[in-house]
Amino acid sequence: MSRRLTRTTVSFAAAALLGGIAAVTAPAALAVGEGPSCCANGTVNTSILHTYDSMVAELRTQAAKQPRMQLEVIGQTIKGRDIHLVKYLSDPSNPTILYLTQQHGNEQLTTEGTLEFIKSLGTGKNGDVLDGVNILIVPMLNADGAMGDVDFSLDDYVASGDRHLTRYNAARVDLNRDHVAKAQPETKALHDKVLSVYDIDYAIDLHHQGTTSRAGGELVSGSILHPTNGDVSAQTLAGSKRLGAVVYNAIQPTGWGHLGKYVGGSERTIARNGLAAEYGISTLLFEMRGMSDHENESAVLGQKSNGYLIRQTVITLTSTAQAIADGSIDTVDASFWDTLPAQRS
Ligand SMILES: [Zn+2]
């Protein structure tokens, strides 16, 4: 239980790890994205993150508690870990959104936030949203990478803790470049058992990026992008831009949230493009600031920032589910894309 990651325990643990003097001298209110970066003053300990096993245990606990939640195993990773699909399918006539986390195993706060969101769907506070939207969630697609259970060395990775986490799957393949070939068991399961099976309207692919990107001169808390592949229909692209508008309108006014436009490629091998082109799903890539582990220190963010990044995930999932459920996504103004500054490192 002590490993369960909540906003409160993360902040407390981070403060404790910083030590008394550092905690006293740290700025009283850290500006957006200004948390200590790895590894000099902000310790990064991967042991405070959910393990694959503790995540599955939490999913099972929630499935037992929540009558509207179903849990399905859609396949196995290379190392034999079951890949889970969380399903809230209230009404086939409702629109459906898919949330996908951790194609890259070292980008875990998105999964931590998604677990908080799943818990919230079992409460009166947020459960009503399920009357108007079907929700599919694939958390921690790359469980082998998340657990550092891979067939290559992670000795030069910088985080401390029980394990290292890596971008790649066990065979050192980037799953987010495998959405055309679908050659890896993780991506094959996602396509065969989720994308080809359900009539999905929207999808958010949740990632983390490096720590140094700025937009408008200010460090970003994350960056977003719609599909940019020429095979994507105008209608699908328009839906993607509206999905992004819902996220932008929820994150940007928080005071700590500051979004830039991600600068990315147009290849269909990337989920943002491939899912939109192949299935007509309106997709959004969300890259949150800072990774959980990496061989390059500058990519890893001190865990004092965990609280707001987890919160950023929860707000993203909650706001989009609500906007789809109440239909407001259909009329949201997406013109912010025209002026959203591209981020720069
Ligand atoms: Zn990623």
Taking strands (runs of 3 or more DSSP E) that do not extend beyond region 2-114, which have at least 2 residues that are modelled with pLDDT of 95 or more and more than 30 Å from Leu259 (Cβ to Cβ)? 70-76
Ser160 - would you say it is among the small types (Gly, Ala, Ser), touching a strand residue (DSSP E or B) at 6+ places or on another chain (Cβ under 8 Å) and modelled with pLDDT under 95? yes
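Name the residue that is nearest to the ligand (Cβ to nearest atom), counting only residues in region 104-129 that are in contact with a strand residue (DSSP E or B) (Cβ under 7 Å, 6 or more places away or on another chain) and not acidic (Asp, Glu). Let's see the steps before the verdict.
Of region 104-129, the ones in contact with a strand residue (DSSP E or B) (Cβ under 7 Å, 6 or more places away or on another chain) are 104, 106-107, 109-111, 114, 118, 121.
Subset that is not acidic (Asp, Glu): 104, 106, 109-111, 114, 118, 121.
Details: His104: 3, Asn106: 8, Leu109: 12, Thr110: 9, Thr111: 12, Thr114: 14, Ile118: 21, Leu121: 25 Å.
Once the filter is applied, the top-ranked residue is His104.
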Residue list for region 238-289, restricted to those being buried (at least 20 other Cβ atoms within 10 Å of the Cβ), of a type in the set (Phe, Trp, Tyr) and farther than 21 Å from Asp330 by Cβ: Tyr262
Of all residues in region 115-124, how many are under 14 Å from Ser319 (Cα atoms) and part of a loop (DSSP other than H, G, I, E, B)? 1
Would you say Leu190 is surrounded by 17 or more Cβ atoms within 10 Å (Cβ to Cβ) and part of a helix (DSSP H, G or I)? yes
Taking region 201-220 and keeping only residues that are charged (D, E, K, R) and within 13 Å of the ligand (Cβ to nearest atom), one is left with Asp205
Looking at Glu287 and the list (1) within 16 Å of the ligand (Cβ to nearest atom); (2) touching an Asp or Glu at 6+ places or on another chain (Cβ under 6 Å), which single condition is not satisfied? (2)
Test each condition in (1) within 30 Å of Pro341 (Cα to Cα); (2) more than 16 Å from the ligand (Cβ to nearest atom); (3) surrounded by 17 or more Cβ atoms within 10 Å (Cβ to Cβ) for Leu195 and report the one that comes out false. (1)
In region 308-334, how many are part of a helix (DSSP H, G or I) and surrounded by fewer than 21 Cβ atoms within 10 Å (Cβ to Cβ)? 8
List the residue pairs whose Cβ atoms are under 6 Å apart, where the first residue sits in region 51-65 and is of a type in the set (S, T, N, Q), the second is in a helix (DSSP H, G or I), and the two are 6 or more positions apart or on different chains. Gln62/Ile118
Would you please name the residue that is modelled with the lowest pLDDT, looking only at residues in region 193-233 that are closer than 21 Å to Ala334 by Cβ and of a type in the set (S, T, N, Q)? Ser221
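The values are calculated or read from the model by the stated rules, or taken from the named source; none is laboratory data. Quick caveat, the model's predicted, so the values are computed rather than measured. Every residue, glycine among them, receives a Cβ derived from its backbone with ideal geometry; neighbour counts consider all protein chains shown.
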